[in-house]
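One structure is given below, encoded as structure tokens.
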Amino acid sequence: DKADGSSAHHPVTQVVLKFVLAAVSCSAPLPIVNPIEVVKIRLQLQGELAPEKGRSAVARIYGSQRTYRGTLHSVVHILRTEGARGLYRGLVPAALRESSYAAIRLALYDPFKTLLGEDPATKQLPLWKKIIAGASAGSIGAAIATPTDVLKVRMQAATGDSPYRSTLSGFRTIWRTEGIAGLYKGVVPTTQRAAVLSATMLSSYDHTKHYILQKGWIAQDNVYAHLGAAMTTGIWMSLVSSPIDVVKTRIMNSRPGTAQSYNSMLDCLYKTARTEGILGLYKGVVPTYMRLGPHTVMAFVIYEQLRQWCNLPPV
């Protein structure tokens, strides 16, 4: 590193390195968090616009017939009925998504901060500019990676024999039956979700870590600072992203001509809230945090360590 804290790498080399390191760090936690992602998807789709609702609040949200009765019950039920493979449905498209969307999001965050006037020596930038940088980077990554997200959601939602024999077969089937529009189904909510999620994740992590260091709670920019910032970030991400995540999942999983089909993001939001109540938009919020929390912690800690090994400045 140079004396001012910047990297000795060429700017283009820095971007390429950050992309590769981000792809590795975001994909590495998948074997641990994919089972929770499957549970989250199943809970978000359970009781979707169900015509018959019970009298209790829980029945209104999840329907009178519930297959999954919470996160732990869902894990046990899937293991009993589908085996361990059921918890790892969609792992390959999930890895493709993380190595594209998540990698682009992390790799572009620094260039956007530079564009918005970050001080290279002190790394100081107002929070609102960090939010803009995070939202911009996340939106670009999500738009590009939408086909992988669509296939991931559909493979994880399948409870019996999946209509997609493999990842490549899945892409071909969607292309053949629904065209390119099918591969980009839900691109608007997934882009908007990514903007909200990335703005929250990147700005919160960045700002929290520097706040911890400035207050002297942790003396150095080390793994303890990374853990503290990442754990705080996971909580905020879960709270702000859950409603739009439910909408994204339902639109991506929908098929033309079925009862669960939507004209737009607002149509899905309205139908869900009207039929299942506002809490219906928070289905799967527990596994959402259980997925986002550990993934955020592991991804950021790995990413920061890899940056240090490659002589890149910290986030």
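What part of the accessible area of the chain, given as a whole %, is carbon or sulfur when the probe is 1.4 angstrom? Can you show the working numbers first?
Details: 9240 of 14270 Å².
Carbon and sulfur atoms account for 65 percent of the accessible area of the chain.
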Original post:
Using a simple spin-label model with points 7 Å from Cα along the Cα→Cβ vector, what separation in nm is obtained for Asp267 and Thr159?
Top reply: 2.5
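If each residue of separation counts as 0.36 nm, what is the full-extension length gain between Leu279 and Arg80 once their alpha-carbon separation is subtracted?
Values: separation 199, 0.36 × 199 = 71.64 nm, distance 2.84 nm.
Working it through step by step, the gained length comes to 68.8 nm.
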**OP:** State log₁₀ I(q)/I(0) for the stretch 143-200 at q = 0.14, 0.15, 0.17 Å⁻¹ as given by the Debye formula over alpha-carbon point scatterers of equal weight, solvent excluded.
**Re:** -0.41, -0.46, -0.57
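How do 199-208, 119-128, 289-298 rank on mean C-beta neighbours within 10 Å, highest first?
On the way: 199-208: 23.5, 119-128: 12.4, 289-298: 21.3.
Ranking the peptides 199-208, 119-128, 289-298 by packing returns 199-208, 289-298, 119-128.
Ratio to report: Rg/Rh of the chain, with Cα atoms as the point set and Rh obtained by the Kirkwood method; give two decimals.
Details: Rg = 20.1 Å, Rh = 20.3 Å.
Checking Rg against Rh, the ratio lands at 0.99.
Rolling a 1.4 angstrom probe over the protein heavy atoms, how many square angstrom per residue are accessible across the chain? Let's see the in-between values first.
Numbers: 14270 Å² over 315 residues.
Per residue, the chain has 45 Å² of solvent-accessible surface.
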Original post:
Lys271: which lysines have alpha carbons under 27 Å from its alpha carbon, excluding same-chain residues fewer than 8 sequence positions away?
Top reply: Lys40, Lys53, Lys152, Lys185, Lys248, Lys283
Original post:
How high is the relative contact order of the stretch 97-208, given as a whole-number percent (alpha carbon pairs under 8 Å, six or more residues apart)?
Top reply: 37
Subject >> 14 Å beta-carbon shell around Gly228, net charge (K/R +1, D/E -1) >> reply: -1
Original post:
Label points 7 Å out from Cα along the Cβ direction at Ile32 and Leu127: separation in nm?
Top reply: 2.8
Original post:
Relative contact order, percent, of the chain when contacts are C-alpha pairs under 8 Å separated by at least 6 residues?
Top reply: 27
Original post:
How about Lys215: which aspartates and glutamates have a C-alpha closer than 19 Å to its C-alpha, ignoring those fewer than 8 places off in the same chain?
Top reply: Asp206
**OP:** Grab the DSSP H runs of the chain that are 4 residues or longer, score each as -39,500 (n - 2.57), total them, divide by all residues and round the 222 nm result to the nearest 500 deg cm²/dmol.
**Re:** -23500 deg cm²/dmol
Subject >> Separation in nanometres of the label points that stand 7 Å from Cα toward Cβ, at Trp309 and Trp175 >> reply: 3.5
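Can you give the Kirkwood hydrodynamic radius for the stretch 127-269, in Å, rounded to one decimal and based on Cα pairs? Could you put the intermediate results ahead of the total?
Values: mean 1/r = 0.0593 Å⁻¹.
Radius from the Kirkwood sum: 16.9 Å.
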Subject >> Environment charge at Pro35 (Cβ cut-off 13 Å; Lys +1, Arg +1, Asp -1, Glu -1) >> reply: +3
**OP:** Report, in whole Å, the centroid distance computed from the Cα atoms of the stretch 247-285 and the stretch 105-136.
**Re:** 34
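The values are calculated or read from the model by the stated rules, or taken from the named source; none is laboratory data. Keep in mind the model is a prediction, meaning the values are calculated, not measured. Don't worry about glycine lacking a Cβ; one is built from the backbone with ideal geometry, like all the others, and counts go over all protein chains shown. Ligands, DNA and RNA are excluded from the accessible area calculation, which covers all protein heavy atoms including side chains. Shrake-Rupley method; radii C 1.70, N 1.55, O 1.52, S 1.80 Å.
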